[in-house]
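The structure appears below as structure tokens.
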Amino acid sequence: MEVIPIAPRGFCKGVYQAIRLAKQTAVENPGVKVTVLGQIVHNRYIVEALNKYGIQTLDDPKSSRLELLRQIDDGIVIFTAHGISKVVREEAARRHLTIIDATCEDVLSTQALIESARMANQTVFYIGKAGHPESNAIMESYQQVYLIEKIDDIPNLAGLPEIFVTNQTTISKNDIEHIIEAIIKQYPQALIAREICAATRLRQEAIEKIKSADSLIVIGDPQSNNTRMLAKIAVEHGIKHVVQIESIEQLDTSILSKDMKVAVTAGASTPHKLTQQVIDYLRMYDFNYPVALPKVNIDTLLDE
């Protein structure tokens with residue numbers, strides 16, 4: 001079995017910065033309640049690891065960020081890498097909470113573009129995923145912003161409105177292009193700002209460049225949009241067998257074969273140690289004497 005690690009993979013700068021901020025906050029404020037509003041990044045192992053630092057994560061898919069915030073009475077609140085809406089930021093200040101903002105720089109850049117577009121009285125078409133915290137932050141902050149998940153979502157607006165088009169930073173570059181083409185066809189004067197972050201784009205392009213592998217293992221949390229996009233692109237690229245797992249603990253060894261050429265990659269919110277554990281196990285795998293799958297060590301997961 002040939003094992004092909006794909007680069008780049010794993011943590012992007014935004015994730016690294018968010019986790020560094022969270023750890024630093026806990027260390028510098030002993031005895032102070034520290035709460036992350038939602039998952040700091042979409043990876044349950046990271047949430048568990050941060051809990052070891054005394055950092056609580058307040059997350060409920062049925063509740064908005066504002067509803068979650070109202071459960072926090074004191075201490076420090078950390079906003080996640082996905083960004084936060086103006087109304088949540090204002091409510092946190094009103095509640096006299098200490099705010100640590102771990103919003104990714106690329107997300108802040110997109111928010112600034114939308115802010116400028118709205119100040120110029122432009123109508124914004126935002127290509128993104130409904131329910132994703134990055135999209136939620138945008139939709140809760142601005143009026144005259146339309147969320148576009150698919151071509152059918154493009155609105156028919158009367159007159160000749162000025163249209164500004166941008167997107168969620170973690171979606172597939174292939175997915176947004178056909179939507180942008182449809183928007184331009186309907187609104188030829190639309191201004192386009194493709195805002196897929198470099199880390200997401202490079203990881204997607206690395207999948208498209210895979211030549212020799214017949215299989216791909218994508219490591220990342222099921223909630224991670226950029227991880228799901230990697231798996232989706234691999235299928236579209238024609239890779240025969242694509243498997244997404246959270247860690248070595250979910251690896252099904254029955255899919256392995258001696259003549260397999262298996263590539264390995266990971267989403268931008270996947271710790272390096274989770275990915276390396278899979279690569280090391282595959283490289284050492286003995287089909288005659290297979291060993292049990294190792295466990296993930298939460299205690300050392302963020303020591304990188």
If every Lys and Arg gets +1 and every Asp and Glu gets -1 at its Cβ, then about the Cα centre region 106-196 yields a dipole, in debye to the nearest 20, of 120 debye
Answer in debye to the nearest 20: the dipole magnitude of the chain about its Cα centre, from +1 Lys/Arg and -1 Asp/Glu charges placed on Cβ, is 200 debye
D (µm²/s, integer) via Stokes-Einstein for region 212-304, Kirkwood Rh across alpha-carbon pairs, 4 °C, 1.567 mPa s: value 94 µm²/s
Answer in debye to the nearest 20: the dipole magnitude of region 1-127 about its Cα centre, from +1 Lys/Arg and -1 Asp/Glu charges placed on Cβ, is 60 debye
Karplus-derived 3J(HN,Hα) from phi for region 227-235 (6.51 cos²θ - 1.76 cosθ + 1.60, θ = phi - 60°), whole Hz, x at Gly and Pro, runs 5, 4, 5, 4, 5, 5, 5, 4, 4
In deg cm²/dmol, rounded to the nearest 500, the helical mean residue ellipticity at 222 nm of the chain, built from -39500 (n - 2.57) for every DSSP H run of length 4 or more, is -11000 deg cm²/dmol
Residue by residue through region 20-25, the couplings from Karplus 6.51 cos²θ - 1.76 cosθ + 1.60 with θ = phi - 60°, in Hz, x for Gly and Pro, are 4, 4, 5, 4, 4, 4
Taking alpha-carbon centroids only, region 89-114 lies from region 189-261 a number of Å equal to 30 Å
When the charge dipole of region 13-103 is computed with +1 on Lys and Arg Cβ and -1 on Asp and Glu Cβ about the Cα centre, the Cα farthest towards its positive end, among Gln71, Tyr16, Gln39, belongs to Tyr16
Residues whose modelled amide H sits under 5 Å from the amide H of Ile192, counting only those 5 or more places away in sequence or on another chain, are Val165
Stokes-Einstein, Kirkwood over Cα pairs, the chain, 25 °C, 0.890 mPa s; D in µm²/s equals 118 µm²/s
A student applying the Cα gyration tensor rule (rounded when a/c is under 1.5; otherwise prolate if a/b is larger than b/c, oblate if not) would label region 1-147 oblate
Expressed in angstrom and ordered largest first, the alpha-carbon extents of region 106-196 along the principal axes are 31, 29, 19
Extension length gain for Lys33 and Asp73 (0.36 nm per residue less Cα distance), in nm, is 13.4 nm
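May I ask which of Lys129/Lys258; Lys62/Lys209; Lys173/Lys258; Lys62/Lys129 have a Cα-Cα span longer than 28 Å here? Can you show the working numbers first?
Details: Lys129/Lys258 39 Å; Lys62/Lys209 39 Å; Lys173/Lys258 34 Å; Lys62/Lys129 16 Å.
Those over the limit are Lys129/Lys258; Lys62/Lys209; Lys173/Lys258.
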Karplus-derived 3J(HN,Hα) from phi for region 94-107 (6.51 cos²θ - 1.76 cosθ + 1.60, θ = phi - 60°), whole Hz, x at Gly and Pro, runs 5, 8, 6, 8, 7, 9, 10, 9, 9, 4, 4, 4, 5, 5
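Since every read-out is calculated from the coordinates, none of them should be taken as a lab result. The structure displayed is predicted, hence computed values, not measured ones. Reconstructed Cβ throughout: ideal geometry from the backbone, glycine too, with neighbour counts over all protein chains shown.
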